[in-house]
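The values are calculated or read from the model by the stated rules, or taken from the named source; none is laboratory data. Everything quoted here is computed from the prediction, not taken from an experiment. So basically every Cβ, Gly included, is an ideal-geometry build from the backbone, and we count neighbours across all protein chains shown.
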Amino acid sequence: MERFRYFEDVVSLEFDKDKCIGCGLCAIVCPHGVFALTRDHKAQMTARNQCMECGACMRNCPALAITVEAGEGCVRGVINELLGIEGPCC
Amino acid sequence: MNAPSADKGMAFLPMAKKVPTGAGEFKLPSIDQSFVQGTVATSVGTVPQVGTELTRQDKHEHYLVRWNIGRDHFTVEPGLYAVGRPDAGSLVLVGANYKMSFDLLRQALAGRDCWLLILNTKGINVWCAAGKGTFGTEELLDRLQASRLDAIVSHRQLIVPQLGAPGLAAHEVKKYSGFRVTYGPISLKDLPEFLDNGLQATPGMRRKTFPLRERIVLIPVELMQGLKQGIPLMLFFLLIGGLAGRGHFAGAALIHGLPPALAVLIGIISGTVLTPLFLPRLPGRAFSCKGAIAGFSLFVLFFAATSSLTHGYSYLEQVSWLLLTLAVSSWLGMAFTGASTFTSLNGVKKEMLRAMPLQFFSLVAGILSWAIALRMY
Ligand code: SF4
Ligand code: SF4
């Protein structure tokens, strides 16, 4: 996915290594390969800037080790949010 | 930064919410649907069996939906379906009730015997529905119960598309239903290989890419939405140009109204066709920037090709057209972030905060300079 990159350092993804129990699910569910398991059986963020804030890792982490401000990255959605209305994104 | 607060954590627990009335009541989908070919008798009732070949009617519907026609009611009944002749040991695949997704899923399962558990995502595809949470833990648990799946199959495994993961927590499904979630590949084209390999996904199957083929499929919907927003603006220019310009309405509309209307059209095409098409090649990371560059390029090409028709116009008027193209193409290019597969919410917010003032300025300046040029004429 190197061909497709969005901005650097804007994503809200945070990972707490101490809480991680090394189940590996974050590495499985992430569509952009952001997480990988290390030799000491902990997850590691290897490509944080590729994160699209879909929330799959957070939702599936049984140890609550991951937080991300998940949402649909779409213009309609952001405008709806700014105007305080509930609206469809896609 | 964003430590999960207690109540946020609770919201993920499906049972913490009030169970809606009627949830989990026994229900199997109707056999009176176009794609149902037969039935499979089970201990709990008759499960509709679906065909794995798409008919011309199905393909025709897909075509219309890709042009944004009939998209709102393109659903199948949620619930349990059979593919082939499944039994108690057969795999269960989970899907969405958007008919397009459903059709492609059953097509990918040709020649197999398995169960399909279709969630009610209100006719939205798995990924978008997962983002909204309609493809989620609660709906899955409801549907499992309503279908009495635990009585139909002897194993406790569900295959859920990986793109459904944002809406669903595997460990919660396990905790509340006993069913273990195995995430299948992102793309349906990898599904047969995944199933043949004993449910093993290669790393490539887990990555969401955005190839040309997928971007092209999105163009019609983008174009229709762009036209919906842009046509009123084009009519505005034709109308005001015709009324305010000198001479006959039609003549004045043609001379003063048509060029800015065309500039808007160029902006629409640039933002909704060229931007998706050339996405990785257009410079800049911001989609608004990609859109503006596409718009500038098409503008220059178009007005260079028709320069013999435009040399009578003042610079001011020509600049006004360019500003209009840039505003529209940049805006619609930015809107394509919604369909792209790698843009993040915070990234889009940041881009919007920076780009929208410029787009607005460009639009207003374009209209004003056009109006001034019209007065001076
Ligand atoms: S899902 Fe959570 S616990 Fe499992 S490896 Fe990833 S961070 Fe660690
Ligand atoms: S939010 Fe989505 S894209 Fe970002 S790391 Fe988690 S799974 Fe990957």
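Quick check, is B:PRO211 within 11 Å of chain A (Cβ to nearest Cβ), at pLDDT 95 or above and closer than 22 Å to B:THR341 by Cβ? So B:PRO211 does not fit the description; no. Using the structure shown, decide if B:LYS59 is within 30 Å of B:THR272 (Cβ to Cβ) and either in a loop (DSSP other than H, G, I, E, B) or in the same structural domain as B:GLY184 (by TED's automatic domain parsing) (or both). So B:LYS59 passes the test. Where helices (runs of 4 or more DSSP H) fall entirely within region B:269-377, those with at least 2 residues that are modelled with pLDDT of 95 or more and either exposed (fewer than 15 other Cβ atoms within 10 Å of the Cβ) or away from chain A (no Cβ under 14 Å) (or both) are at B:287-305, B:315-335, B:345-376.
Selection of region B:115-147 for residues being closer than 13 Å to B:VAL92 by Cα and not in a helix (DSSP H, G or I) yields B:TRP115, B:LEU116, B:LEU117, B:ILE118, B:LEU119. Exactly one residue among A:CYS89, A:CYS54, A:CYS30 is modelled with pLDDT under 95, in contact with a helix residue (DSSP H, G or I) (Cβ under 6 Å, 6 or more places away or on another chain) and surrounded by 21 or more Cβ atoms within 10 Å (Cβ to Cβ), and that residue is A:CYS54.
Taking the conditions (1) under 19 Å from B:PHE102 (Cα atoms); (2) out of contact with any Pro (no Cβ under 7 Å at 6 or more places or on another chain) in turn, B:GLY184 satisfies each one other than (2). When A:THR38, A:THR67 are checked against the criterion of being surrounded by fewer than 16 Cβ atoms within 10 Å (Cβ to Cβ) and either polar (S, T, N, Q) or within 7 Å of ligand 2 (Cβ to nearest atom) (or both), A:THR38 stands alone in meeting it.
Only one entry of B:MET224, B:MET234 meets the criterion of being surrounded by 20 or more Cβ atoms within 10 Å (Cβ to Cβ), part of a helix (DSSP H, G or I) and at pLDDT 90 or above, and that entry is B:MET234.
Within region A:40-65, residues that are facing chain B (nearest Cβ under 9 Å) have Cβ atoms under 7 Å from residues that are near ligand 1 (Cβ under 10 Å from one of its atoms) and not hydrophobic (A, V, I, L, M, F, W, C) in these pairs: A:PRO62/B:HIS171; A:LEU64/A:LYS19, counting only partners at least 6 apart in sequence or on another chain.
Scanning region B:88-105 turns up at least one residue that is among the acidic types (Asp, Glu) and either touching a residue at least 60 places away in the same chain (Cβ under 8 Å) or within 14 Å of another protein chain (Cβ to nearest Cβ) (or both).
Out of the residues in region A:17-35 that are within 8 Å of chain B (Cβ to nearest Cβ) and assigned to a loop (DSSP other than H, G, I, E, B), which is farthest from ligand 2 (Cβ to nearest atom)? It comes out as A:GLY33.
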